[in-house]
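Here's the structure, in C-alpha coordinates; my notes come after.
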Amino acid sequence: MKRILLFIGLFLLGIQYQSLAAVHLSNDGTGQVGIVPFYSTVDGNETHLRVINTGDQYKAVRVNVRTADITAQPVYSLNVYLRPHDTWRMAMGQQDDFIAAINTDTTCTLGLTDPANQAVDWSNHIWETGFIEVIEMGNISPATIGQYVAENEYCSLIEEAWADGGAWADNPLAGINPVNGELQVTTELINVPDGFSFNIPVTMLVDFYPEGSKVHTSTGSEQPNLGSGTQISRIIYDGNLVETTWQHGYEAVSALLMKETLSNEFNLIEPIGGQTDWIMTFPTLAFHVSSAHFEENFQYPVSKFNYNIFSSEGQDIPLPCVGRFCFPVGKPRINYLTQHTAVYNFKELNAENFTSNLINTSSNNAFEFGINYNSEWLPIQRQKESQSGTVKLIFPSPNPNYPVRSQLVGIDSQTGIQHIYHGLPMIGFAAHFSYNNSIPAVYSRSVQHTATRLITEEQPE
(Lines give C-alpha, C1' and ligand atoms only; values in the text may rest on other atoms or scores of the structure.)
Protein backbone atom coordinates (compact mmCIF):
# COMPACT_ATOMS: atom_id res chain seq x y z
CA MET A 1 0.00 0.00 0.00
CA LYS A 2 2.84 2.41 0.80
CA ARG A 3 4.36 1.88 -2.65
CA ILE A 4 1.01 2.60 -4.33
CA LEU A 5 0.51 5.78 -2.31
CA LEU A 6 4.05 6.92 -3.14
CA PHE A 7 3.41 6.44 -6.86
CA ILE A 8 0.17 8.44 -6.68
CA GLY A 9 1.96 11.25 -4.83
CA LEU A 10 4.74 11.45 -7.40
CA PHE A 11 2.20 11.49 -10.24
CA LEU A 12 0.40 14.49 -8.74
CA LEU A 13 3.74 16.24 -8.35
CA GLY A 14 4.47 15.73 -12.03
CA ILE A 15 6.96 12.89 -11.63
CA GLN A 16 6.76 9.44 -13.18
CA TYR A 17 9.59 6.88 -13.04
CA GLN A 18 9.79 3.59 -14.92
CA SER A 19 12.43 0.89 -15.28
CA LEU A 20 16.04 1.30 -14.13
CA ALA A 21 18.79 2.94 -16.17
CA ALA A 22 22.40 3.90 -15.48
CA VAL A 23 23.47 7.52 -15.82
CA HIS A 24 26.76 8.04 -17.65
CA LEU A 25 28.84 10.75 -19.29
CA SER A 26 27.97 11.69 -22.85
CA ASN A 27 30.40 10.78 -25.60
CA ASP A 28 28.80 12.88 -28.34
CA GLY A 29 28.00 16.17 -26.58
CA THR A 30 24.26 15.56 -26.20
CA GLY A 31 22.19 14.20 -23.35
CA GLN A 32 19.36 14.76 -20.89
CA VAL A 33 21.33 16.94 -18.46
CA GLY A 34 23.96 19.63 -18.92
CA ILE A 35 26.00 21.07 -16.03
CA VAL A 36 27.65 24.44 -16.68
CA PRO A 37 30.42 24.86 -14.07
CA PHE A 38 30.45 28.65 -13.98
CA TYR A 39 28.69 31.87 -14.70
CA SER A 40 29.91 35.38 -13.86
CA THR A 41 28.25 38.77 -13.94
CA VAL A 42 31.21 40.63 -12.38
CA ASP A 43 32.77 43.80 -13.84
CA GLY A 44 31.09 43.71 -17.22
CA ASN A 45 31.06 39.94 -17.60
CA GLU A 46 28.11 38.44 -19.43
CA THR A 47 27.38 34.72 -19.47
CA HIS A 48 25.61 33.49 -22.61
CA LEU A 49 23.79 30.16 -22.45
CA ARG A 50 22.37 28.19 -25.37
CA VAL A 51 20.19 25.09 -25.12
CA ILE A 52 19.71 23.29 -28.43
CA ASN A 53 17.09 20.66 -29.22
CA THR A 54 18.83 18.43 -31.76
CA GLY A 55 15.77 16.18 -32.08
CA ASP A 56 12.43 16.38 -33.86
CA GLN A 57 10.13 16.52 -30.83
CA TYR A 58 8.87 19.36 -28.63
CA LYS A 59 10.69 19.41 -25.29
CA ALA A 60 10.13 20.77 -21.79
CA VAL A 61 13.42 21.73 -20.13
CA ARG A 62 14.27 23.08 -16.67
CA VAL A 63 17.11 25.61 -16.34
CA ASN A 64 18.35 26.24 -12.78
CA VAL A 65 20.82 29.10 -12.32
CA ARG A 66 22.37 28.59 -8.88
CA THR A 67 24.60 30.71 -6.65
CA ALA A 68 28.18 29.72 -5.85
CA ASP A 69 27.74 29.59 -2.07
CA ILE A 70 26.85 26.54 0.00
CA THR A 71 23.10 27.11 -0.41
CA ALA A 72 23.17 26.94 -4.23
CA GLN A 73 20.23 29.33 -4.17
CA PRO A 74 18.28 29.25 -7.47
CA VAL A 75 18.59 32.76 -8.88
CA TYR A 76 16.46 31.63 -11.80
CA SER A 77 14.28 28.53 -12.12
CA LEU A 78 13.00 28.47 -15.69
CA ASN A 79 10.82 26.26 -17.82
CA VAL A 80 11.92 26.39 -21.46
CA TYR A 81 9.72 24.84 -24.14
CA LEU A 82 11.74 23.98 -27.21
CA ARG A 83 10.40 23.28 -30.67
CA PRO A 84 12.04 20.59 -32.79
CA HIS A 85 15.58 21.73 -33.69
CA ASP A 86 15.04 24.93 -31.70
CA THR A 87 17.85 26.92 -30.04
CA TRP A 88 17.10 28.86 -26.86
CA ARG A 89 19.41 31.70 -25.86
CA MET A 90 19.79 33.55 -22.58
CA ALA A 91 22.28 36.24 -21.55
CA MET A 92 23.06 37.15 -17.94
CA GLY A 93 24.82 40.29 -16.78
CA GLN A 94 24.24 43.18 -14.41
CA GLN A 95 21.74 46.00 -14.50
CA ASP A 96 21.39 48.59 -11.73
CA ASP A 97 23.99 46.72 -9.65
CA PHE A 98 22.02 43.47 -9.67
CA ILE A 99 21.87 40.37 -11.83
CA ALA A 100 19.67 40.58 -14.90
CA ALA A 101 18.85 38.02 -17.58
CA ILE A 102 17.17 38.27 -20.94
CA ASN A 103 15.81 35.67 -23.31
CA THR A 104 17.43 36.70 -26.59
CA ASP A 105 14.99 34.86 -28.89
CA THR A 106 11.28 33.97 -29.06
CA THR A 107 11.45 30.46 -27.60
CA CYS A 108 8.75 30.12 -24.95
CA THR A 109 10.31 30.76 -21.53
CA LEU A 110 8.44 30.81 -18.21
CA GLY A 111 9.80 32.07 -14.88
CA LEU A 112 12.19 34.75 -16.14
CA THR A 113 11.32 37.17 -13.34
CA ASP A 114 13.42 39.56 -11.25
CA PRO A 115 15.24 37.56 -8.51
CA ALA A 116 14.92 40.61 -6.26
CA ASN A 117 11.31 39.55 -5.73
CA GLN A 118 12.45 36.35 -4.01
CA ALA A 119 12.54 36.14 -0.21
CA VAL A 120 16.33 35.91 -0.27
CA ASP A 121 18.97 38.21 1.21
CA TRP A 122 21.06 39.13 -1.83
CA SER A 123 23.10 41.81 -0.01
CA ASN A 124 26.30 39.74 0.10
CA HIS A 125 26.39 39.50 -3.71
CA ILE A 126 26.16 35.70 -3.76
CA TRP A 127 24.41 36.09 -7.12
CA GLU A 128 27.55 37.35 -8.92
CA THR A 129 28.94 33.87 -9.66
CA GLY A 130 27.63 30.33 -9.66
CA PHE A 131 26.75 27.37 -11.87
CA ILE A 132 23.86 26.24 -14.09
CA GLU A 133 21.84 23.03 -14.43
CA VAL A 134 19.95 22.22 -17.64
CA ILE A 135 17.61 19.25 -17.14
CA GLU A 136 15.22 17.71 -19.65
CA MET A 137 11.74 17.14 -18.20
CA GLY A 138 9.95 15.41 -21.05
CA ASN A 139 8.78 15.48 -24.65
CA ILE A 140 5.50 17.21 -25.38
CA SER A 141 2.89 15.48 -27.50
CA PRO A 142 2.16 17.63 -30.59
CA ALA A 143 -1.53 17.06 -29.94
CA THR A 144 -1.13 18.95 -26.67
CA ILE A 145 0.03 22.21 -28.22
CA GLY A 146 -0.75 21.93 -31.92
CA GLN A 147 1.65 21.03 -34.69
CA TYR A 148 4.08 23.82 -35.60
CA VAL A 149 1.79 26.68 -34.64
CA ALA A 150 3.02 30.26 -34.71
CA GLU A 151 5.49 31.08 -31.94
CA ASN A 152 3.18 33.46 -30.10
CA GLU A 153 0.31 30.97 -30.23
CA TYR A 154 2.65 28.20 -29.08
CA CYS A 155 3.70 30.11 -25.97
CA SER A 156 0.17 31.26 -25.20
CA LEU A 157 -0.94 27.62 -25.21
CA ILE A 158 1.84 26.80 -22.75
CA GLU A 159 0.83 29.66 -20.46
CA GLU A 160 -2.83 28.63 -20.62
CA ALA A 161 -1.91 25.08 -19.66
CA TRP A 162 -0.27 26.33 -16.44
CA ALA A 163 -3.00 28.85 -15.58
CA ASP A 164 -5.65 28.04 -12.98
CA GLY A 165 -7.87 25.33 -14.39
CA GLY A 166 -5.40 24.58 -17.18
CA ALA A 167 -4.32 21.08 -18.16
CA TRP A 168 -0.92 21.27 -16.46
CA ALA A 169 -2.19 23.09 -13.39
CA ASP A 170 -4.33 20.01 -12.71
CA ASN A 171 -1.92 17.38 -14.06
CA PRO A 172 1.62 18.47 -15.04
CA LEU A 173 2.15 15.19 -16.91
CA ALA A 174 -0.79 15.64 -19.28
CA GLY A 175 0.48 15.24 -22.83
CA ILE A 176 4.06 14.72 -21.62
CA ASN A 177 6.01 11.80 -23.07
CA PRO A 178 9.19 10.29 -21.56
CA VAL A 179 12.52 12.05 -22.00
CA ASN A 180 14.88 10.89 -24.73
CA GLY A 181 17.88 13.24 -24.51
CA GLU A 182 19.07 15.01 -27.66
CA LEU A 183 19.85 18.24 -25.78
CA GLN A 184 23.04 20.16 -26.47
CA VAL A 185 24.24 22.94 -24.15
CA THR A 186 26.89 25.54 -24.99
CA THR A 187 28.09 28.49 -22.93
CA GLU A 188 30.51 31.36 -23.27
CA LEU A 189 31.63 34.25 -21.12
CA ILE A 190 31.91 37.62 -22.88
CA ASN A 191 33.24 40.93 -21.60
CA VAL A 192 32.73 43.62 -24.23
CA PRO A 193 34.34 46.58 -22.35
CA ASP A 194 37.53 44.63 -21.63
CA GLY A 195 37.52 42.79 -24.95
CA PHE A 196 37.72 39.11 -24.07
CA SER A 197 35.60 35.99 -24.38
CA PHE A 198 35.99 32.24 -24.01
CA ASN A 199 33.90 29.09 -24.11
CA ILE A 200 32.88 27.37 -20.88
CA PRO A 201 33.06 23.55 -21.09
CA VAL A 202 29.79 21.78 -20.27
CA THR A 203 29.39 18.31 -18.73
CA MET A 204 26.59 16.36 -20.41
CA LEU A 205 24.88 13.33 -18.83
CA VAL A 206 23.01 10.56 -20.66
CA ASP A 207 20.29 8.28 -19.23
CA PHE A 208 19.93 10.57 -16.23
CA TYR A 209 16.48 9.20 -15.47
CA PRO A 210 15.21 5.64 -15.28
CA GLU A 211 13.94 4.57 -18.70
CA GLY A 212 10.48 5.90 -19.54
CA SER A 213 10.59 8.69 -16.95
CA LYS A 214 9.07 12.14 -17.16
CA VAL A 215 9.31 14.97 -14.64
CA HIS A 216 7.33 18.10 -15.44
CA THR A 217 6.86 20.74 -12.76
CA SER A 218 6.09 24.45 -12.61
CA THR A 219 8.81 27.09 -12.51
CA GLY A 220 10.40 27.51 -9.10
CA SER A 221 9.71 23.91 -8.09
CA GLU A 222 12.51 22.12 -6.28
CA GLN A 223 12.44 19.27 -8.78
CA PRO A 224 13.90 18.38 -11.14
CA ASN A 225 17.43 18.79 -9.81
CA LEU A 226 20.64 16.77 -9.89
CA GLY A 227 19.17 14.36 -7.36
CA SER A 228 16.05 13.57 -9.40
CA GLY A 229 17.54 10.82 -11.55
CA THR A 230 18.45 7.16 -11.43
CA GLN A 231 20.39 5.64 -8.53
CA ILE A 232 22.72 3.69 -10.84
CA SER A 233 25.91 5.04 -12.42
CA ARG A 234 27.99 3.58 -15.22
CA ILE A 235 31.56 4.50 -16.09
CA ILE A 236 34.57 3.05 -17.90
CA TYR A 237 37.49 2.64 -15.49
CA ASP A 238 40.79 1.00 -16.46
CA GLY A 239 39.10 -0.41 -19.54
CA ASN A 240 36.31 -2.05 -17.55
CA LEU A 241 32.65 -1.15 -17.27
CA VAL A 242 31.84 -0.24 -13.67
CA GLU A 243 28.15 -0.11 -12.76
CA THR A 244 27.35 1.01 -9.23
CA THR A 245 24.09 1.25 -7.30
CA TRP A 246 23.67 4.13 -4.83
CA GLN A 247 21.16 5.11 -2.19
CA HIS A 248 20.39 8.43 -3.87
CA GLY A 249 20.30 9.83 -7.38
CA TYR A 250 22.74 12.64 -6.60
CA GLU A 251 25.35 10.05 -5.59
CA ALA A 252 25.12 8.49 -9.04
CA VAL A 253 25.86 11.92 -10.56
CA SER A 254 28.70 12.51 -8.08
CA ALA A 255 30.26 9.17 -8.99
CA LEU A 256 30.69 10.34 -12.58
CA LEU A 257 32.36 13.55 -11.40
CA MET A 258 34.71 12.02 -8.79
CA LYS A 259 38.37 12.93 -9.25
CA GLU A 260 41.35 11.69 -7.26
CA THR A 261 43.67 14.31 -8.77
CA LEU A 262 43.10 17.31 -10.97
CA SER A 263 45.60 19.12 -13.21
CA ASN A 264 45.78 22.18 -15.43
CA GLU A 265 48.03 24.99 -16.58
CA PHE A 266 48.89 28.35 -15.09
CA ASN A 267 50.31 31.37 -16.91
CA LEU A 268 51.90 34.27 -15.03
CA ILE A 269 54.42 35.26 -17.73
CA GLU A 270 55.25 38.85 -16.83
CA PRO A 271 56.05 40.34 -20.30
CA ILE A 272 52.53 39.49 -21.48
CA GLY A 273 50.77 40.17 -18.17
CA GLY A 274 49.72 36.55 -17.81
CA GLN A 275 46.74 35.84 -15.56
CA THR A 276 45.09 32.54 -14.68
CA ASP A 277 41.92 31.65 -12.81
CA TRP A 278 40.86 28.11 -12.02
CA ILE A 279 37.17 27.32 -11.67
CA MET A 280 36.31 24.45 -9.32
CA THR A 281 32.63 23.51 -9.05
CA PHE A 282 31.02 20.85 -6.83
CA PRO A 283 27.51 20.65 -8.33
CA THR A 284 26.15 18.10 -5.84
CA LEU A 285 27.76 19.47 -2.67
CA ALA A 286 24.52 20.64 -1.01
CA PHE A 287 23.09 17.13 -1.21
CA HIS A 288 26.17 15.64 0.45
CA VAL A 289 26.37 18.28 3.18
CA SER A 290 22.76 17.58 4.19
CA SER A 291 23.35 13.81 4.23
CA ALA A 292 23.71 11.93 7.52
CA HIS A 293 26.74 10.18 5.98
CA PHE A 294 28.58 13.37 5.07
CA GLU A 295 31.29 13.13 7.74
CA GLU A 296 31.79 9.45 6.98
CA ASN A 297 32.63 10.24 3.38
CA PHE A 298 34.16 13.72 3.38
CA GLN A 299 36.41 15.15 6.06
CA TYR A 300 38.86 18.01 5.66
CA PRO A 301 40.12 18.87 9.16
CA VAL A 302 42.33 21.65 7.79
CA SER A 303 42.02 23.90 4.78
CA LYS A 304 45.48 22.99 3.53
CA PHE A 305 45.69 20.53 0.68
CA ASN A 306 48.26 18.55 -1.24
CA TYR A 307 49.53 19.64 -4.62
CA ASN A 308 52.50 19.54 -6.98
CA ILE A 309 53.73 22.53 -9.02
CA PHE A 310 55.94 22.18 -12.09
CA SER A 311 57.49 24.82 -14.31
CA SER A 312 57.00 24.85 -18.07
CA GLU A 313 60.19 22.79 -18.30
CA GLY A 314 58.95 20.19 -15.81
CA GLN A 315 61.04 21.40 -12.86
CA ASP A 316 59.70 21.59 -9.30
CA ILE A 317 58.94 25.09 -8.06
CA PRO A 318 60.27 25.30 -4.48
CA LEU A 319 58.50 26.38 -1.33
CA PRO A 320 59.42 29.81 0.10
CA CYS A 321 62.73 29.77 1.95
CA VAL A 322 64.37 31.77 4.74
CA GLY A 323 68.12 31.30 4.77
CA ARG A 324 68.71 27.64 4.02
CA PHE A 325 65.39 26.46 5.43
CA CYS A 326 62.27 26.10 3.30
CA PHE A 327 58.84 26.05 4.88
CA PRO A 328 55.32 25.35 3.59
CA VAL A 329 54.27 28.92 4.37
CA GLY A 330 52.17 30.72 1.86
CA LYS A 331 50.52 27.49 0.78
CA PRO A 332 47.02 28.09 -0.51
CA ARG A 333 44.40 27.61 2.18
CA ILE A 334 41.24 26.45 0.50
CA ASN A 335 38.35 24.70 2.17
CA TYR A 336 36.84 22.58 -0.58
CA LEU A 337 33.60 21.99 1.28
CA THR A 338 32.26 25.49 1.91
CA GLN A 339 31.04 26.55 -1.54
CA HIS A 340 29.69 25.04 -4.74
CA THR A 341 31.85 27.13 -7.05
CA ALA A 342 35.30 28.44 -6.13
CA VAL A 343 37.65 30.63 -8.17
CA TYR A 344 41.37 30.14 -7.56
CA ASN A 345 43.42 33.09 -8.78
CA PHE A 346 47.10 32.45 -9.47
CA LYS A 347 49.65 35.12 -8.56
CA GLU A 348 53.30 35.58 -7.67
CA LEU A 349 53.63 34.33 -4.10
CA ASN A 350 54.67 37.63 -2.51
CA ALA A 351 52.37 39.92 -4.48
CA GLU A 352 50.31 41.90 -1.99
CA ASN A 353 47.09 41.89 -3.99
CA PHE A 354 45.54 39.62 -6.53
CA THR A 355 43.15 40.56 -9.27
CA SER A 356 40.68 38.50 -11.22
CA ASN A 357 38.67 39.02 -14.37
CA LEU A 358 36.04 36.58 -13.18
CA ILE A 359 35.21 37.32 -9.55
CA ASN A 360 35.22 39.99 -6.87
CA THR A 361 38.35 39.07 -4.92
CA SER A 362 36.65 39.89 -1.61
CA SER A 363 34.05 37.17 -2.20
CA ASN A 364 34.01 34.18 0.11
CA ASN A 365 34.54 31.84 -2.84
CA ALA A 366 37.63 33.70 -4.16
CA PHE A 367 41.01 32.21 -3.23
CA GLU A 368 44.59 33.04 -4.14
CA PHE A 369 47.17 30.51 -5.25
CA GLY A 370 50.72 31.79 -4.84
CA ILE A 371 53.49 30.56 -7.16
CA ASN A 372 57.02 31.08 -5.82
CA TYR A 373 58.63 31.74 -9.21
CA ASN A 374 60.86 34.54 -7.87
CA SER A 375 62.51 32.24 -5.34
CA GLU A 376 66.08 33.19 -4.43
CA TRP A 377 66.96 29.53 -4.88
CA LEU A 378 66.13 29.63 -8.58
CA PRO A 379 68.55 30.84 -11.27
CA ILE A 380 67.22 33.65 -13.48
CA GLN A 381 66.35 31.25 -16.30
CA ARG A 382 64.49 28.95 -13.90
CA GLN A 383 62.57 31.94 -12.55
CA LYS A 384 61.40 32.77 -16.08
CA GLU A 385 60.47 29.16 -16.76
CA SER A 386 58.53 29.02 -13.49
CA GLN A 387 56.20 31.84 -14.52
CA SER A 388 54.13 29.21 -16.32
CA GLY A 389 53.62 25.51 -15.91
CA THR A 390 51.20 23.02 -14.42
CA VAL A 391 49.64 22.27 -11.04
CA LYS A 392 48.26 18.96 -9.84
CA LEU A 393 45.82 18.98 -6.91
CA ILE A 394 45.71 15.77 -4.87
CA PHE A 395 42.52 15.26 -2.88
CA PRO A 396 42.95 12.16 -0.67
CA SER A 397 45.82 12.74 1.77
CA PRO A 398 48.16 10.04 3.14
CA ASN A 399 49.57 12.47 5.74
CA PRO A 400 48.72 11.02 9.20
CA ASN A 401 48.81 14.50 10.74
CA TYR A 402 46.22 15.84 8.30
CA PRO A 403 44.01 12.89 7.36
CA VAL A 404 41.71 13.71 4.49
CA ARG A 405 38.82 11.42 3.79
CA SER A 406 37.06 12.00 0.48
CA GLN A 407 35.14 9.08 -0.91
CA LEU A 408 31.79 7.69 -1.96
CA VAL A 409 30.80 4.09 -1.25
CA GLY A 410 28.31 2.27 -3.47
CA ILE A 411 27.46 -1.32 -4.36
CA ASP A 412 28.32 -3.22 -7.53
CA SER A 413 25.02 -3.58 -9.36
CA GLN A 414 25.75 -7.24 -10.20
CA THR A 415 27.90 -8.72 -7.42
CA GLY A 416 27.13 -6.67 -4.31
CA ILE A 417 30.81 -5.85 -3.79
CA GLN A 418 31.48 -2.37 -2.42
CA HIS A 419 32.77 0.22 -4.89
CA ILE A 420 34.78 3.02 -3.28
CA TYR A 421 35.19 6.13 -5.42
CA HIS A 422 38.06 8.25 -4.07
CA GLY A 423 38.35 12.02 -4.42
CA LEU A 424 35.84 14.81 -4.82
CA PRO A 425 32.91 15.30 -7.24
CA MET A 426 33.94 18.36 -9.22
CA ILE A 427 34.10 19.89 -12.67
CA GLY A 428 35.77 23.03 -13.98
CA PHE A 429 38.37 24.66 -16.16
CA ALA A 430 41.19 27.19 -16.25
CA ALA A 431 40.78 30.63 -17.84
CA HIS A 432 43.98 32.23 -19.16
CA PHE A 433 44.52 35.87 -20.09
CA SER A 434 47.44 37.53 -21.89
CA TYR A 435 47.85 41.21 -22.74
CA ASN A 436 49.45 43.15 -25.56
CA ASN A 437 49.53 46.69 -24.22
CA SER A 438 50.98 48.16 -27.41
CA ILE A 439 47.74 47.60 -29.36
CA PRO A 440 46.10 47.26 -26.70
CA ALA A 441 44.56 43.81 -26.79
CA VAL A 442 43.69 40.95 -24.47
CA TYR A 443 43.75 37.29 -25.45
CA SER A 444 41.80 34.67 -23.51
CA ARG A 445 41.21 30.95 -23.65
CA SER A 446 39.73 28.22 -21.48
CA VAL A 447 41.16 24.75 -20.82
CA GLN A 448 39.11 22.02 -19.19
CA HIS A 449 40.74 20.35 -16.18
CA THR A 450 42.25 16.91 -16.67
CA ALA A 451 41.88 14.37 -13.89
CA THR A 452 42.62 10.88 -12.66
CA ARG A 453 40.14 8.51 -11.04
CA LEU A 454 40.58 5.90 -8.33
CA ILE A 455 37.93 3.24 -7.77
CA THR A 456 38.65 0.36 -5.41
CA GLU A 457 36.62 -2.67 -4.34
CA GLU A 458 35.99 -4.18 -0.93
CA GLN A 459 33.90 -7.07 0.27
CA PRO A 460 31.02 -5.79 2.43
CA GLU A 461 31.37 -6.50 6.13
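Structure above, values below:
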| quantity | calculated |
| --- | --- |
| Elements of type strands (runs of 3 or more DSSP E) in the range 374-423, at least 1 residues being modelled with pLDDT of 90 or more and of a type in the set (Gly, Ala, Ser) | 388-394, 405-412 |
| For residue 368: the one exception among (1) closer than 30 Å to residue 197 by Cβ; (2) in contact (Cβ under 8 Å) with a residue 40 or more places away in the chain; (3) among the charged types (D, E, K, R) | (2) |
| Residue check for residue 183: touching a helix residue (DSSP H, G or I) at 6+ places or on another chain (Cβ under 8 Å) and surrounded by 23 or more Cβ atoms within 10 Å (Cβ to Cβ) | no |
| Check on residue 199, over 27 Å from residue 288 (Cα atoms) and over 19 Å from the mean Cα position of the chain (by Cα) | no |
| Residue in the range 345-354 that is at pLDDT below 75 and in a loop (DSSP other than H, G, I, E, B) present | no |
| Cross-chain or 6+ apart pairs with Cβ under 8 Å, the range 383-408 first and farther than 20 Å from residue 255 by Cβ, then at pLDDT below 80 and small (Gly, Ala, Ser) | 383/375; 386/375; 403/397 |
| 3 or more residues over 19 Å from the mean Cα position of the chain (by Cα), among the acidic types (Asp, Glu) and closer than 18 Å to residue 448 by Cβ: qualifying helices (runs of 4 or more DSSP H) within the range 237-309 | none |
| Residues located in the range 192-236, provided they are surrounded by fewer than 21 Cβ atoms within 10 Å (Cβ to Cβ), in a loop (DSSP other than H, G, I, E, B) and among the small types (Gly, Ala, Ser) | 195, 212, 218, 220, 221, 227 |
| Qualifying position, being farther than 30 Å from residue 245 by Cα and not assigned by TED's automatic domain parsing to the domain that holds residue 124, among 450, 415, 361 | 361 |
| Any hit, the range 25-37, residues being at pLDDT 95 or above, of a type in the set (A, V, I, L, M) and part of a loop (DSSP other than H, G, I, E, B) | no |
| Single condition residue 170 does not satisfy, out of (1) more than 25 Å from residue 23 (Cβ to Cβ); (2) touching a residue at least 60 places away in the same chain (Cβ under 8 Å); (3) surrounded by fewer than 22 Cβ atoms within 10 Å (Cβ to Cβ); (4) over 17 Å from the mean Cα position of the chain (by Cα) | (2) |
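The values are calculated or read from the model by the stated rules, or taken from the named source; none is laboratory data. Given the structure is predicted, the values throughout are model-derived calculations rather than measurements. Backbone-built Cβ (ideal geometry, glycine too); neighbour counts: all protein chains shown.
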